1. What is the ratio of the Cα radius of gyration of the range 204-303 to 2.2 N^0.38 Å, with N the residue count, to two decimals?
2. For the range 180-212 and the range 97-136, what is the centre-to-centre distance using only Cα atoms, to the nearest Å?
3. For Val203 and Ser238 in the same chain, what is the full-extension length gain: residue separation times 0.36 nm, less their Cα-Cα distance, in nm?
4. Taking R0 as 30 Å, what's the FRET efficiency between Asn215 and Ser149 from their Cβ-Cβ distance, rounded to 0.05?
5. Under the rule a/c < 1.5 gives rounded, and otherwise a/b versus b/c splits prolate from oblate, where does the chain land using the Cα gyration tensor?
6. Normalised by the number of residues in the range 129-283, what is the relative contact order in percent for Cα pairs under 8 Å and 6+ residues apart?
7. Taking the Cα centre of the range 129-283 as origin, work out the dipole magnitude from +1 charges on Lys and Arg Cβ and -1 charges on Asp and Glu Cβ, in debye rounded to 20.
8. Tell me, how many Å apart are the Cα centres for the range 6-57 and for the range 227-286?
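Just so it is clear, none of the values below were taken in a lab; they were calculated from the coordinates. All figures in this text were calculated on a predicted structure; none of them were measured in a lab. All Cβ positions, glycine included, derive from the backbone under ideal geometry; neighbour counts span all protein chains shown.
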Amino acid sequence: MKLNLGVDIGGTKIHFATVHFTEKPEVVSEFRIATPKSPSYSDFVNILVDNLKELIAKSKGEVSSVGIGIPGIVVVHNNPAIVSISRLDYLVGQDIERDLSSKLNLPVYIENDTRLFTLAEATYGAGKGIQSVFGVILGTGIGGGLTYSQDLISSQNGAFLEWGHLEAEPGGEQCHCGSRGCYKTVISGPALENYYFEKTGQVLPLVEISKLAENNKDPNASETMSRFITFLVGGLKSAITIIDPDIVVIGGGLSNIEVIYTQAIPALRKSLPLSKSSIVISRSTLGDSAGAIGAALLAKRKF
Ligand SMILES: [Zn+2]
């Protein structure tokens, strides 16, 4: 049995999965670990290698390649492929493919995490059979990816469709990209959790804040969620107006928050020009595994 490994590196968790591709992707083994806090680059490589070796040991089949999704700007047209900007700053500028490949004796490929999510959803998920698929990640970061006929679109600088770094609030919070007031600094999970904290002194995950906002039980929670909806609609409107996709697929750690579907998407539809009012907007159908499946799929396609 031919197998590919997929690794989805997130802000809080790293998902490791062994995937067998037939008509559908079958995740044959998987586990998650907490993303280490500020490790050195070499420590991080060793953590990935140790966990990938554990995954390989559990895999009953022939592992042929490894794909890795990374949050940040991944320049795949560079040789070597590099991460140019990421909140995981220890990865920036490193030859990750070479350093992992030499320790694993397997080909390793890196890509931006949202692009891999989009590739998976376009090939096997909500966007299957649809020509242009705009994948959106809402979580610790805010990302975007586009496939056309199940192929990923990318650019020389690696920053294609990074709508999370469009300006939302002029002169707002400093973003790790070097600008201020990016959508990422307003509607990412940590940004909204901090907004609520500054009002209440309470540290709560956004999912909990969204529950407190139901029936206006907590006015500060309601205000936080209303900020989320307003800016989410504004950011997605800009991105959709420019790329005009056939479908938008939403994933990431915040994607199960109900107000996205009950309030933000109806408001977004109203705000779009008439020709786009019928655009399909869907939740991810591959769920939490989409990123790792996309990473394994990249590796399968490359090798
Ligand atoms: Zn930014």
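1. Details: Rg = 16.0 Å, N = 100, 2.2 N^0.38 = 12.7 Å.
It is 1.26.
2. Taking the Cα centre of each part, the range 180-212 and the range 97-136 sit 29 Å apart.
3. 9.5 nm
4. Numbers: r = 45 Å, r/R0 = 1.50.
Once rounded, the FRET efficiency stands at 0.10.
5. prolate
6. Details: 249 pairs, mean separation 38.2, N = 155.
Over the range 129-283, the number comes to 25 percent.
7. For this selection, approximately 260 debye.
8. Here the two parts' Cα centres lie 30 Å apart.
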